[in-house]
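Accompanying notes for the structure given below.
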Amino acid sequence: MITTRPENELLVCAARRSLNDDLAARMTALVDGQLDWSYLREKATQHGMMPLLYWHLNSVCAQAVPDGILDSMKEEFIANSQTCLHLFGELRKLLRHFDQNGITAVAFKGPALSVAVYGGIALRQAGDLDVLIEPGSFRRARDLLASLGYRLHPPLTESQLTSQFHSHCEIEFWSNGLSVVDLHWGLSPKAFHFALDPRHIIDRSKTISIQGTSLRTFSNEDTILYLCFHGAKHYWSRLEWITSLAEFIRSNEDIDWSIVIARANQARGRRMLTLGLTLARELCDVDVPDSVLSSSEEFDALRKYAAEIQRGLFAREAGPLGSLEMFRCNLRIMDRKMDAITSFLRSIFVPTISDWEALTLPAALSPLYYLFRPLRLLKKYGASSFGSTSSRHALSGKTAEDLARLFQR
């Protein structure tokens, strides 16, 4: 990890389920030095690392943390734990109702992942509840959630909901602002290609037990694929996503890597798999079989990209990338250049919830959203997304060459 700030190094040291003696000693030495605690806590929250950071500081070098800092972090840790417990209770209730109504539901990320990687539900920052259902069960699941006090957020018309269902893979349901259920009928939107069939994921799901409650979650191999895809979709902008992948691998010795490779190839996600595993191996020191990584030439290119991600991990501001930067990244992480081209075009023209929130049109005029979206993006991002010559958003020379070769075929 190339970093010039001790706070960033401290976060990387804490990116483990458990610390060895060397990491514990290094954390202690860093805490004994000069740290910007405000910056550290800001970055810890941004990267989903606050629970882990507090856990390790409290167990390794609590006496060295300045007065008031550890107590404040403890309060955050307790609040996060309470939220996690509340969400898990809500998840148990939802899964019970889904089962009683004949809807097959598989929980992923959230409590299921937290237990798998950290051994408990409170060491990941609380978020929403992710549940995967079969596409054909969506309307029944929507009606069931409504009967339990959940509402679509934001409210959508029937035509907007139909568009969301066909072009995207998930939608949020809120309950009094306290619980958020992210209901998935797929794993990736059409604007970001990753061809794992949700029905196959459900068929291969396994049953685990959390605090005496049995629930279904992804198989080990599908979990690795999903974590690599999810990190790639968000361009690995959070340290905790890398940590979760590394600790999941470290905690499961029965992973069938031949299945992982076969499914990644089938999903056209081999480069995403290789990139994620490279980050986990180099940043979190987890063992990954060499046979799993791509060919030497491809691996060298992805390892270079992984190094770029590590260098910029803490420098990048929170928030989405511009359209051209996303396109440039997709050209590097997607197995086929055409998938990146398609992704770019869909991201510009296919309406999303933000477009429907910005402009209300009657159903008869809904095709106009395909014109409204690029105009809205142009106004919102301006040159930074569609024409900037800065290094952050401009197409690189290599990208231009890739495009030229593609359209000459």
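Consider region 70-97 and keep the residues that are under 27 Å from the mean Cα position of the chain (by Cα) and of a type in the set (G, A, S). The one that is surrounded by the fewest Cβ atoms within 10 Å (Cβ to Cβ) is A79. There is no residue in region 171-190 that is at pLDDT below 90 and in contact with a Gly (Cβ under 6 Å, 6 or more places away or on another chain). Tell me which residues, restricted to region 196-221, are of a type in the set (G, A, S) and within 17 Å of the chain's Cα centre (by Cα). Of everything in region 196-221, nothing turns out to be of a type in the set (G, A, S) and within 17 Å of the chain's Cα centre (by Cα).
Count of region 205-216 residues, restricted to those that are in contact with a Leu (Cβ under 7 Å, 6 or more places away or on another chain) and either crowded, with 17+ Cβ neighbours inside 10 Å or of a type in the set (G, A, S) (or both), is 1. Only one entry in R271, R250, R263 is under 18 Å from R16 (Cα atoms) and in contact with a helix residue (DSSP H, G or I) (Cβ under 9 Å, 6 or more places away or on another chain), namely R250. For region 217-248, taking the residues that are open to solvent by less than 10 Å² (accessible area, probe 1.4 Å) and of a type in the set (V, I, T), the one that is nearest to D335 (Cα to Cα) is identified as I224. Residues in region 148-162: is at least one closer than 27 Å to L225 by Cβ, of a type in the set (A, V, I, L, M) and open to solvent by less than 10 Å² (accessible area, probe 1.4 Å)? Looking for residues that are closer than 27 Å to L225 by Cβ, of a type in the set (A, V, I, L, M) and open to solvent by less than 10 Å² (accessible area, probe 1.4 Å), one finds none in region 148-162, hence no.
Considering A307, A267, the condition of being open to solvent by less than 20 Å² (accessible area, probe 1.4 Å) and among the small types (G, A, S) is satisfied by A267 alone. Of the residues D36, D67, D22, the single one that is farther than 25 Å from C284 by Cα and open to solvent by 60 Å² or more (accessible area, probe 1.4 Å) is D67.
Of the residues L113, L132, L123, L187, which single one is buried (at least 21 other Cβ atoms within 10 Å of the Cβ), over 29 Å from M338 (Cα atoms) and under 16 Å from the mean Cα position of the chain (by Cα)? Just a single option satisfies the conditions, and that option is L113.
Report yes if A315 is open to solvent by 70 Å² or more (accessible area, probe 1.4 Å), over 16 Å from G231 (Cβ atoms) and outside any helix (DSSP H, G or I), otherwise no.
Numbers: open to solvent by 70 Å² or more (accessible area, probe 1.4 Å): yes; over 16 Å from G231 (Cβ atoms): yes; outside any helix (DSSP H, G or I): yes.
When the stated conditions are applied, A315 passes them.
The values are calculated or read from the model by the stated rules, or taken from the named source; none is laboratory data. Predicted, not measured: the structure shown is a model, and the values here were computed from it. Don't worry about glycine lacking a Cβ; one is built from the backbone with ideal geometry, like all the others, and counts go over all protein chains shown. These area figures cover heavy atoms from the full protein model, side chains too; ligands, DNA and RNA do not enter into them. Shrake-Rupley method; radii C 1.70, N 1.55, O 1.52, S 1.80 Å.
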